[in-house]
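Enquirer: Dumping the structure here so I can ask a few things about it.
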Amino acid sequence: MRILSKVKLGAAFCAGILIAGTSAQADSLIENVNGMTLDEDGKVIRFAAMVIDDDGRVKELLDRNDKRPKDIDFQFDGKGKTLIPGFVDAHGHVMGLGFAALTLDLSGTKSLAEAQQAIQDYAAKYPSRPWIIGGGWNQETWGLGRFPTAAELDTAVPDRPVYLERVDGHAAWVNSAGMKAAGITATTKAPSGGAIERAGGKPTGIFVDKAQSLFGKAIPAPRPVENDLALMKAQEILLSQGVTTIADMGTTLQHWQSFRRAGDKGELAVRIISYAAEIDNMIAIGGPGPSPWLYDDRLKLAGVKLYIDGALGSRGALLKEPYADKPAEKGLALLSSAQLKNKMSRAAMDGFQTAVHAIGDQANDEILSAIEELQYTFKGDRRWRIEHAQIVDPIDLPRIAQTGTIASMQPVHQTSDRLMAESRLGVDRLDGAYAWRSILESGAKLAFGTDVPVESSNPFPGMAVAISREDSSGQPFGGWLPKEKLTREQAWRAYTVDAAYASFAEDRIGNLTKGKRADFLIIDKDIMLAAPQSIRNIVVEQTWIGGRPVYVKKKQ
């Protein structure tokens, strides 16, 4: 695998190796491809060649019989391979992806015992690290039926603090040494919007949502050099999986500074559209308003990311009715209605777009009510966003379209959460769960992403799920709540054209029509013909951004 951040278009391919040459001075021709893209209406356009101007934008799409331009500086023979636009991940966490790849990752563990062994092995591998940091654990995948405990973590690492985030980032598992380092005792109270799991009055080692902030001062913050390393690792992964643009949900000032350092050095290849982590970061980064596009459309601060509730897995998602498997709880409200509207108003008054995390049906009701009230004050094209919109009361579904709100959703969550959702809600409350087709048919726009590192940043499994509602093993046969399946065109549009629209970027990315940035992939299968299980396994052979190759898969 090779990531190339400063390759010029006058490059030549020799024995599968990308050789950097001089800058492009004239048009370039991408020839002999099985090319396909969507137009603005979601219709498939097929082409055999593409002309790219010297600014890295699409100049013309050509059929096999169309005349080729004579004045070209560079020609690339696609050898009949499939060419599609790069994916726009509408919701991910860039630095989270990088740090997940560089720290302890428990996402592949299938049992508590397996996780304990992995933690012990990791601690032994890095004996000098003062804290063991990581994440990716999921008690549902382990079949545990409960949260793990500090005592169970102590058996793996008793002598150093350990802090491990749940796969969704909405709970932390901490050992006794970690709680001691943070000064956590039986008398410690959870902050508003958070919860501390207890047994016999004592913390068990699980800290939900805002209770995670209790460790903020104890855990050493990453140094700038570590942030930069995480960014480069994340970029490497994204480009290798065909993600050419990502909406970074929760950018801190430190993250933004890392993005800027990469841009200043010419090392920022992937396009990042940032949504600041809360109002303080929004103001620190953007000041009086969103940033302009920087580094040849590689970076922009578009808005702010807010949270109104937690996640289903930690029972933090805010529900209208109690959890079926814990009738005393309805979830956690991370903001009151007044607080939510105040924050959204503060962002909107300076032209920042708001993207609000809402998973439970009560949380989605709250955000829609806020938008309905605020849209009379803040007029114009606001493109309010709901991030996740996983559980929506069917009566509230039409309100998404009525308010012009974008549902930013992540298809793979449906297969990861299916059994948990049935347990948390009960089968009689699943109407409106991961309701992609219902949302589209109501007239609203869907924008798809991965929520990386909660899920893999690979968009192809998400495409497969969106059209099949089946997991990687083909379960359940015929799809879970199959009425919510999408067509290929609908799913693809949500991952490209409408994902770009969701961030006010449809004028430059999302498809390969004239004037758009030439961000595209060479892949090993036809995405419009492959079966869902084959789509999952599509291999990205090359990734190009702005008409320049930035990733070429090594030949085996």
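Enquirer: Full extension from residue 117 to residue 529: what is 0.36 nm times the residue separation minus their Cα-Cα distance, to one decimal in nm?
Expert: Length gained between residue 117 and residue 529: 144.1 nm.
Enquirer: Let me ask you something else. Suppose every Lys and Arg Cβ carries +1 and every Asp and Glu Cβ carries -1, with no other charges. What dipole size does the chain come out with about its Cα centre, to the nearest 20 debye?
Expert: Dipole magnitude for the chain comes out near 840 debye.
Enquirer: Continuing with the same structure: Viscosity 1.567 mPa s, temperature 4 °C: give me the Stokes-Einstein translational D for the stretch 464-556 in µm²/s, with Rh taken as the Kirkwood radius over C-alpha pairs.
Expert: Reported coefficient: 87 µm²/s.
Enquirer: Between residue 110 and residue 483, what length in nm is gained on full extension when 0.36 nm per residue of separation is reduced by their alpha carbon distance?
Expert: Extra length from residue 110 to residue 483 when fully extended: 131.2 nm.
Enquirer: Hey, what did the stretch 26-138 get for relative contact order, percent, Cα under 8 Å, at least 6 apart?
Expert: 24 percent
Enquirer: Once you charge only the Cβ atoms, +1 for Lys and Arg and -1 for Asp and Glu, what is the size of the charge dipole of the stretch 18-170 about its Cα centre, to the nearest 20 debye?
Expert: Dipole about the Cα centre, nearest 20: 380 debye.
Enquirer: Mind checking which lysines have their C-alpha under 17 Å from residue 305, skipping anything on the same chain fewer than 8 residues away?
Expert: Here the lysines satisfying the reach criterion relative to residue 305 are 210, 341, 343.
Enquirer: Could you tell me the distance between the Cα centroids of the stretch 26-76 and the stretch 368-392, to the nearest Å?
Expert: The two parts, judged by their Cα centres, are 38 Å apart.
Enquirer: So what is the relative contact order for the chain, in percent, with contacts set as C-alpha pairs under 8 Å and at least six apart?
Expert: Averaging sequence separation for qualifying contacts and normalising by length gives 18 percent for the chain.
Enquirer: Report the one residue of 480, 521, 464 whose Cα lies farthest in the direction of the positive end of the charge dipole of the stretch 464-556 (charges on C-beta: Lys and Arg +1, Asp and Glu -1; origin at the Cα centre).
Expert: Among 480, 521, 464, the one farthest towards the positive end of the dipole of the stretch 464-556 is 521.
Enquirer: Which of the lysines could a cross-linker bridge to residue 514, judged by Cα under 26 Å and excluding same-chain residues fewer than eight apart?
Expert: 6, 8, 43, 59, 67, 70, 79, 81, 300, 445, 525
Enquirer: OK, next. Of the listed values [x] 24.2; [y] 29.5; [z] 27.5, grab the one calculated as Kirkwood radius over Cα pairs in Å from the structure here.
Expert: [x]
Enquirer: Another question, if that's okay. What distance in nm separates the two pseudo spin-label positions at residue 60 and residue 293, each 7 Å out from Cα along the beta-carbon direction?
Expert: So the two model labels end up 2.3 nm from each other.
Enquirer: Still on this structure: For a label point 7 Å from the Cα of residue 44 along Cα→C-beta, name the residues of the stretch 480-499 whose backbone N is under 13 Å from it.
Expert: Answer for the stretch 480-499: 487-493.
Enquirer: Round to the nearest 10 and give me the degree value, 0 to 90, for the angle of helix 411-425's Cα axis relative to the longest principal axis of the chain.
Expert: For helix 411-425, the angle is close to 20 degrees.
Enquirer: What is the distance in Å between the Cα centres of the stretch 266-305 and the stretch 178-201?
Expert: 35 Å
Enquirer: Assuming 0.36 nm per residue, please report the length gained on full extension of the stretch residue 513 to residue 321 beyond their Cα-Cα distance.
Expert: 64.4 nm
Enquirer: Right, something else. With a point put 7 Å past each Cα toward its Cβ, work out how far residue 376 is from residue 253 in nm, to one decimal.
Expert: So the two model labels end up 3.7 nm from each other.
Enquirer: Still on this structure, please answer the following. Of all the accessible heavy-atom surface of the chain, with the other protein chains kept in place and a 1.4 Å probe, what percent is carbon and sulfur?
Expert: The value for the chain is 51 percent carbon and sulfur by accessible area.
Enquirer: DSSP loop (so not H, G, I, E, B), at most 12 other Cβ within 10 Å: list which trypsin sites (Lys or Arg not before Pro) in the stretch 490-556 pass both filters.
Expert: 514, 554, 555
Enquirer: Mean residue ellipticity at 222 nm from the helices of the chain, using -39,500 (n - 2.57) per DSSP H segment of n ≥ 4 over the full residue count, to the nearest 500 deg cm²/dmol?
Expert: Computed ellipticity for the chain at 222 nm equals -8000 deg cm²/dmol.
Enquirer: Accessible area, 1.4 Å probe, largest first: how do 469, 488 sort?
Expert: 488, 469
Enquirer: Using a simple charge model, +1 on the beta-carbon of Lys and Arg, -1 on the beta-carbon of Asp and Glu, nothing else, what dipole does the stretch 311-363 show about its Cα centre, in debye to the nearest 20?
Expert: Dipole about the Cα centre, nearest 20: 140 debye.
Enquirer: Residue-wise, which Karplus ³J(HN,Hα) couplings in Hz belong to the stretch 389-400, taking 6.51 cos²θ - 1.76 cosθ + 1.60, θ = phi - 60°, and x for glycine or proline?
Expert: 6, 6, 10, 10, 4, x, 5, 8, 4, x, 5, 4
Enquirer: Give me the angle, in degrees from 0 to 90, between the Cα long axis of helix 253-264 and the longest principal axis of the Cα atoms of the chain, rounded to the nearest 10.
Expert: 20 degrees
Enquirer: Report, to the nearest 10°, how far helix 224-240 tilts away from the longest principal axis of the Cα atoms in the chain, using its own Cα long axis and a range of 0 to 90°.
Expert: 60 degrees
Enquirer: Top to bottom by accessible area (1.4 Å), largest first, where do 89, 431, 53, 524 land?
Expert: 431, 524, 53, 89
The values are calculated or read from the model by the stated rules, or taken from the named source; none is laboratory data. Because the structure is predicted, anything quoted here is derived from the model rather than measured. Positions of Cβ are generated from backbone atoms using ideal geometry, with glycine treated the same way; all protein chains shown enter the neighbour counts. Ligands, DNA and RNA are stripped out before the accessible areas are found, and what is left, the full protein with its side chains, is counted by its heavy atoms. Shrake-Rupley method; radii C 1.70, N 1.55, O 1.52, S 1.80 Å.
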